[in-house]
Each structure stands twice: as structure tokens, then as C-alpha cells.
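See structure below.
The values are calculated or read from the model by the stated rules, or taken from the named source; none is laboratory data. Not measured: the values here are computed from a predicted model. We place every Cβ from the backbone using ideal geometry, glycine too, and count neighbours over all the protein chains shown. For the accessible areas, the whole protein counts, side chains as well, though only heavy atoms, and no ligand, DNA or RNA atoms are used. Shrake-Rupley method; radii C 1.70, N 1.55, O 1.52, S 1.80 Å.
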Amino acid sequence: VFQHLLVSQGILGRKWAVKLSDNVSYLPQAATTGFSGIPGVGGLPSQPSQPSQPILTLNTRSVYNTAISSFTRSLDRATSLNLSGSYGILRFPDGNGLETNQVGVGPQITRRLNALNSISGQYSFSRFSFPGSPVTMETQSALFGYQRTWSRRFKSSVSIGPEWTQISGVFPLMTGLAVNASASYDARSTSATLSYAQATSRGSGIL
């Protein structure tokens with residue numbers, strides 16, 4: 001049995017919208033490591049979702065909390081600007097797991113070409129730190145995307161761009177390429193989403 005609480009509030013204006021949310025969960029059995037996802041891709045701000053702990057360890061209690069905020073502004077009929085940020089922590093009350101802090105920001109501008117096609121540009125920054133450890137990981141990426149609406153129910157998107165990853169005290173600056181692709185289908189009672197993400201980094205002979 002685990003506890004999960006999500007609080008969300010949205011404020012709408014004529015040309016703008018603000019959303020604030022806080023997502024907290026307590027699991028009596030959880031994974032012993034706190035980092036997940038692909039650097040530059042997996043840790044970006046996103047909508048709150050059901051907490052996922054695929055590998056469970058007995059007697060490993062964990063508390064996870066993340067706060068997310070976003071601001072969207074319509075610049076004109078076809079262009080919108082979105083500013084989003086998140087802050088999350090993972091704690092193990094018994095001291096038997098890898099605790100983490102995570103900060104992320106992701107401004108994005110989207111331009112609608114017509115009723116079916118849109119393009120976007122996004123800058124993302126994420127930082128992972130570990131309490132009691134001098135090691136931190138920072139990732140920056142600039143993604144250029146294309147979105148296509150095939151029908152009222154089926155949509156797809158793809159984005160690609162360079163990324164830079166720095167792990168303090170471990171590796172030098174690594175540069176690489178990040179790719180995201182997704183497709184979603186919404187029916188009246190069910191929905192399905194297929195996503196793919198890949199990041200390849202290279203620095204000082206390290207692949």
C-alpha cells in the first residue's frame with residue numbers, strides 16, 4: 001500500500017494560462033536508486049503522472065515530492081510561448097537509498113503553420129544533485145520539433161537537437177544529440193501513447 005496526493009490549480013486569462021501542481025507520494029517499498037531517465041530527455045518538466053517504481057526492495061521506504069509550474073502566453077493567433085519549471089526531491093527516511101534533488105526549466109515557443117502542422121523550439125536545462133555528495137549532473141539541450149495532427153484522434157510529434165552534459169568531478173563536458181518521438185491516439189473511452197527518446201553524448205573519447 002502506498003499513498004499518493006496530487007494537487008493542481010489552473011488560472012486562465014484571455015491570452016494566458018498559469019498552472020501550478022504538487023505531486024507527493026510515499027512508498028513503503030521502492031527502488032534503492034533515485035535517478036531515472038535519459039540525460040537531457042528523461043528529466044524534463046512534464047505533466048504529473050502515477051509514480052513508477054519498477055524494481056522494489058523490501059523495507060526501503062521512500063518519499064517523493066515534485067512541484068511543477070507553467071505559464072503559457074499567446075503572442076498572436078499562430079504563436080504561443082510556454083515557460084515551465086519543476087523542482088523535485090527523493091528521500092529515503094531509513095537512509096538506505098540514493099537521495100536526489102532535481103531542478104528543471106524548459107521554455108518553449110510553438111508556431112502553428114496551419115490546422116494540421118506546427119513547429120516548435122525548446123531550450124531545456126536540468127540539474128541533478130545528491131545530498132552529501134559533491135557530484136552534480138547538469139544537462140542543457142536545444143530541441144527543434146514538428147507536430148502533425150493526422151485526425152481528431154491521432155497525433156504525432158518529433159524533435160531533435162544538440163545537448164550538452166556535464167558531470168562535475170567525473171567526466172568533462174560531453175556533447176551529443178537528443179531525439180524525441182511520440183504518437184498518441186485518443187478514443188472515447190481509452191487512449192494510447194507511444195514515445196521514443198534517445199540521447200547520444202561524446203566527450204574526450206567517451207561515447
Complete set of residues in the stretch 100-151 that are part of a loop (DSSP other than H, G, I, E, B), in contact with a strand residue (DSSP E or B) (Cβ under 8 Å, 6 or more places away or on another chain) and open to solvent by 50 Å² or more (accessible area, probe 1.4 Å): LEU113, ALA115, LEU116, PRO131, TRP150
Unique residue being in contact with an Asp or Glu (Cβ under 8 Å, 6 or more places away or on another chain), at pLDDT 85 or above and in a strand (DSSP E or B) when the list is VAL24, VAL18, VAL7: VAL7
Pair list, Cβ under 9 Å, 6 or more apart: the stretch 116-139 residue over 15 Å from LEU83 (Cβ atoms), other residue among the hydroxyl-bearing types (Ser, Thr, Tyr) and open to solvent by 50 Å² or more (accessible area, probe 1.4 Å): ASN117/TYR146; SER118/TYR146; ILE119/TYR146
Qualifying residues in the stretch 87-107 (those that are modelled with pLDDT of 90 or more and in contact with a Ser or Thr (Cβ under 6 Å, 6 or more places away or on another chain)) - the one farthest from GLY13 (Cα to Cα): ASN101
Within the stretch 165-175, tally of residues that are touching an Asp or Glu at 6+ places or on another chain (Cβ under 9 Å), surrounded by fewer than 19 Cβ atoms within 10 Å (Cβ to Cβ) and in a strand (DSSP E or B): 3
Single condition SER74 does not satisfy, out of (1) at pLDDT below 60; (2) closer than 25 Å to SER159 by Cα; (3) hydroxyl-bearing (Ser, Thr, Tyr): (1)
Filtered residues of the stretch 113-143 (kept if closer than 30 Å to ARG153 by Cβ and over 13 Å from the mean Cα position of the chain (by Cα)): LEU113, ASN114, ALA115, LEU116, ASN117, SER118, ILE119, SER120, GLY121, LEU143
